[in-house]
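*Asks:* Let me give you the structure first, and then I'll get to my questions.
No lab work stands behind these numbers, since they all come straight from the coordinates. Note that this is a predicted model, so its numbers are computed, not measured. A quick note on method: Cβ atoms are made from the backbone with ideal geometry, for glycine too, and the neighbour counts reach across all protein chains shown.
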Amino acid sequence: MKINIDAPPDEESARAIASALANHLGQEVDLVVNDESVASAGGEKYGDPVITDREQQLRDEIEQILSGGPERGHEKINELGKLFVRDRLDRIFDEISYEDGTFARHSAGDELPADGLITGVGKIHGRQVFFAAHDYTVKAGSLGQMGVEKEIRLAERAVEAGAPILRLIDSTGARLNLDEREEGDTHMDRYRGGKMFYNQCIHSGQVPQIGVLYGPDIAGSAYTPVFCDYLIMVEEIAGMAIASPRVVEAVTGEQTTMQELGGPRVHARESGSADLVVSDEAAAAESVRDLLGYLPQRHNAELPTRPPAKPAVNPKGLDTEIPDDPDEAYDVNNVIERLVDENSWFELKPEFAPELVTGLGRIDGRPVGFVANQPAAKSGAIFPDSAEKGAGFVWSCDAFGIPLVYLCDTPGFMVGSAVEKQGVLQKGRKFIYATSNAQVPQLCVITRKAYGAGIYAMAGPSFGPDATLALPSAEVAVMGPDAAVNALFAEQMEEMDAEERAEFVEMMRAEYDKQIDIRAQASKMQVDELLPAGDLRDQLGARLETLQNKRRTDRDRYHGTVLF
């Protein structure tokens, strides 16, 4: 806007008049005398800000704190191939909304900026997410009293706000080299370190808790990652154990390394503590963002949806994936690929107990949890580890309202002295218990074998699924034909010669096959629906849409006695 004035003011007055008018009008102002511009001011509502010396001093202090620990700390993360924590946050979050406790331990000078732990709130795909992130440049990310205080406040506020918690864990544990400014330790007092783990426990199932481990985490602090609902470990640099290799050797005499003791491969393949192992920090950031896309803000919030997409492979060809021979192996991932929206399959614990596949996908844009026997690994039999894996996954999906689809093709629970010693019954009951108590929509699909108690864990008809669907290849029985004939007629067959025995077995198998014919079972309503394999994707989508408002039932008890 041009504003003409009659008398030319001095230069300083002209600028003041233009600025005042621009602020008042909220637009650019050009002050003109005799058609000549003498001053102009921008159109911002408030014009150029005035920063006092006092404010500038504070801003300079904040900038120094945000730069992290001393130079030697930055040199250390460069040697280890790690990102500075703020660069790590920038990879994961679209924006950081705010932080708390920036000046924690400020009296300690430049050695302990933010007390080595950054806490705050950011946004991922427009969703608020609370975060706690260790700064390894500050005494190797060790936990001090104010860091613990920040973590406790963050978790409690996240639950009150109803938003997920992301923990970026890169810490050597409690800070032991205390000085006169920090009396006592960080883990025993009522409102200190132990409170962090207590909060993680009582907050479990209230809001999603995602952990990413970027370094070795030893002793009590290693419970932080394992108490998260989902744990991602970064290859080569991450690790966790109840004691360091040096302590292990001192106590037991065993010589080991951190990677051998508690590296990503140990926890991905042996302990099952890691849900995902990723190659680097970029993959970790991408995995966090992807995983969050399946989880609600809090336990009773709506699930995030995406526009529906067709599967990567034609669902109408599903029957070609399932062999006619009930003993022939195939990869159940190929079945899942024909059921879920393209690029939506997110497998969890892929290397642990691979005879059972667990993961998240989408059908018509809606998140769904899959529990699937894997015939390509140990014939899909359920072992102690896979029972525990299935139980934990089912319980997590139920906690966050994620519907479950079971793909059943199993000869049942594994037998033998080895698995009995490993607790196949004790761990198997966890799987069955979780399936029985889960109240999210549950759909059981019998793709092929459903023998013995395996169908119990896989949400068979007696275990409260919202529907039991069967494909033409399905076989539901106490045991397989060969085992059944042998169990029933072993003594009788001992008296036969080889030719007689072969003829007898063939005849008895034919009789047994009549008893377990899926069409006969469907006629007795032992399954809800027998359907062509090519219709399964559409059936699942329609049923899940129908069940999206399924109610939960309160049971008259405190809780069950089976723990996970």
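*Asks:* At R0 = 51 Å, how high is the FRET efficiency between ARG54 and LEU80 if r is their beta carbon distance? Nearest 0.05 is fine.
*Replies:* Values: r = 39 Å, r/R0 = 0.77.
Using R0 = 51 Å, I get an efficiency of 0.85.
*Asks:* GLU286 versus ALA219, label points 7 Å from Cα toward the beta carbon: distance in nm?
*Replies:* 3.7 nm
*Asks:* With a point put 7 Å past each Cα toward its Cβ, work out how far ASP6 is from GLN422 in nm, to one decimal.
*Replies:* It is 9.9 nm.
*Asks:* For the pair ASP327 and GLN255, how long in nm is the line joining their label points, each one 7 Å along Cα→Cβ?
*Replies:* 4.8 nm
*Asks:* To continue, here is another question. Which of the lysines could a cross-linker span from LYS2 if the Cα-Cα distance has to be under 22 Å and same-chain partners fewer than 8 positions apart are dropped?
*Replies:* Partners found: LYS45.
*Asks:* Using Cα atoms only, what is the angle between the long axis of helix 498-515 and the major principal axis of the chain, expressed in degrees (0 to 90) to the nearest 10?
*Replies:* Result, in degrees: 60.
*Asks:* Local charge sum around GLU342 (other residues, Cβ-Cβ under 13 Å, Lys/Arg +1, Asp/Glu -1)? If you can, show how the numbers build up before the last one.
*Replies:* On the way: positive: ARG306, LYS310, ARG338, ARG362, ARG537; negative: GLU337, ASP341, ASP364.
Residues near GLU342 contribute +2 overall.
*Asks:* Within the stretch 126-170, name every residue whose backbone N is under 20 Å away from a label modeled 7 Å from Cα of GLU95 along the Cβ vector.
*Replies:* Of the residues in the stretch 126-170, 126-132, 163-164, 166 have backbone N under 20 Å from the label point off GLU95.
*Asks:* My understanding is that a pair violates if its Cα-Cα distance is over 27 Å; which of LYS82/LYS123; LYS310/LYS349; LYS316/LYS349; LYS449/LYS550; LYS389/LYS449; LYS310/LYS389 do that in this structure?
*Replies:* Over 27 Å apart, Cα to Cα: LYS316/LYS349; LYS449/LYS550; LYS310/LYS389.
*Asks:* Which order do the peptides 159-169, 205-215 come out in when sorted by mean C-beta neighbours inside 10 angstrom, highest first?
*Replies:* The peptides rank, most packed first, as 205-215, 159-169.
*Asks:* In percent, what relative contact order does the chain have, based on Cα pairs under 8 Å that are 6 or more apart in sequence? Before the final figure, lay out each step's value.
*Replies:* On the way: 1094 pairs, mean separation 41.3, N = 564.
Relative contact order of the chain: 7 percent.
*Asks:* Determine the gain in length on full extension of the stretch THR305-LEU176; use 0.36 nm per residue of separation and subtract their C-alpha separation, reporting nm with one decimal.
*Replies:* Full extension from THR305 to LEU176 adds 41.8 nm.
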